[in-house]
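Student: Take a look at this one; I'll ask things after.
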């Protein structure tokens, strides 16, 4: 396969961002749901949900799989936490972060594949897909947008090969996944590769070794979900989130934070950059009617 590879630029990544009108409300910016957080792994789901909230989703629900789950995130009480089986309808579902691969997790993925929500599939959602080929047809048949976010190990399991083979030809591996599932995806790692649903391939050059830390992928998943919730296409949300995620890591690196960089810090830095990149708030609808230009 030899499709041309385009470098993602900040201008391109941010080109779909629009100013928010003064009379907007949370209902204008979609509802993101995060499903994951089996026993011992609730942090993964919470990191994704916090990123979705801080990158602009109107409402964020978290469906946790662990028994006796906490009822509130004391670090981010704006999140609405439920048992995974009781999640309300959402614009977009990010599923897989710390989810595990047991029967409950498999049922959650099965139900998500049948839903009308856009999906962002990460981590254990991808691992379940690898062990359940019977789910592949459901994924390919979806009308709603789906984004896959594998790292090389997850890509290797989906392709039934080794991580070394994936890394030996990352572009070919990403394109095989695109053809296999008909989805937009990012093959994570240094110079992450993004492929749109129709097969266009992009390389992202932001990011640095300081981002080799726990939770970074969870944050990226939440960011993609946030932008889809706010009305961006899956393709645009993917390119923006991947570029912004790496740019946030670079901004922290420029501050002298390399060793010990955390996913939480990347979320907060990404929010800061997003606000810099987004055009200023527009007038309210009422003001434009009352004072036409």
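Quick note: the coordinates plus some simple rules give every number you see, no bench work behind them. These numbers were taken from a predicted model, which means no experiment stands behind them. A quick note on method: Cβ atoms are made from the backbone with ideal geometry, for glycine too, and the neighbour counts reach across all protein chains shown.
Student: Check 179, 126 and return the single one that is part of a helix (DSSP H, G or I) and loosely packed, with under 15 Cβ neighbours inside 10 Å.
Tutor: 179
Student: To continue, here is another question. For residue 48, only one of the following conditions fails: (1) part of a helix (DSSP H, G or I); (2) more than 26 Å from residue 269 (Cβ to Cβ); (3) in contact (Cβ under 8 Å) with a residue 60 or more places away in the chain. What is its number?
Tutor: (2)
Student: Going by the structure shown, is residue 51 crowded, with 20+ Cβ neighbours inside 10 Å and more than 17 Å from residue 233 (Cα to Cα)?
Tutor: When the stated conditions are applied, residue 51 passes them.
Student: Look at residue 220 and say whether it is within 20 Å of residue 5 (Cα to Cα) and surrounded by 22 or more Cβ atoms within 10 Å (Cβ to Cβ).
Tutor: When the stated conditions are applied, residue 220 does not pass them.
Student: Taking the criterion of being part of a strand (DSSP E or B), free of Cβ contacts under 8 Å to residues at least 24 places away in the same chain, more than 30 Å from residue 193 (Cβ to Cβ) and touching a strand residue (DSSP E or B) at 6+ places or on another chain (Cβ under 6 Å), would at least one residue in region 61-81 satisfy it?
Tutor: Within region 61-81 (the criterion being part of a strand (DSSP E or B), free of Cβ contacts under 8 Å to residues at least 24 places away in the same chain, more than 30 Å from residue 193 (Cβ to Cβ) and touching a strand residue (DSSP E or B) at 6+ places or on another chain (Cβ under 6 Å)), the answer is yes, since at least one residue qualifies.
Student: Turning to a different aspect of this structure: Please specify each residue of region 10-39 satisfying the condition of being part of a loop (DSSP other than H, G, I, E, B), surrounded by 15 or more Cβ atoms within 10 Å (Cβ to Cβ) and touching a residue at least 12 places away in the same chain (Cβ under 8 Å).
Tutor: Correct list: 16, 17, 20, 30, 37, 38.
Student: Quick one: residue 112 ticks every box in (1) on the phi > 0 side of the Ramachandran plot; (2) surrounded by 15 or more Cβ atoms within 10 Å (Cβ to Cβ) except a single one, so which number is it?
Tutor: Against the list (1) on the phi > 0 side of the Ramachandran plot; (2) surrounded by 15 or more Cβ atoms within 10 Å (Cβ to Cβ), residue 112 comes up short only on (1).
Student: Here's another thing I want to ask about it. Among the residues of region 131-143, is any touching a residue at least 12 places away in the same chain (Cβ under 8 Å), crowded, with 17+ Cβ neighbours inside 10 Å, more than 21 Å from residue 232 (Cα to Cα) and touching a strand residue (DSSP E or B) at 6+ places or on another chain (Cβ under 6 Å)?
Tutor: There is no residue in region 131-143 that is touching a residue at least 12 places away in the same chain (Cβ under 8 Å), crowded, with 17+ Cβ neighbours inside 10 Å, more than 21 Å from residue 232 (Cα to Cα) and touching a strand residue (DSSP E or B) at 6+ places or on another chain (Cβ under 6 Å).
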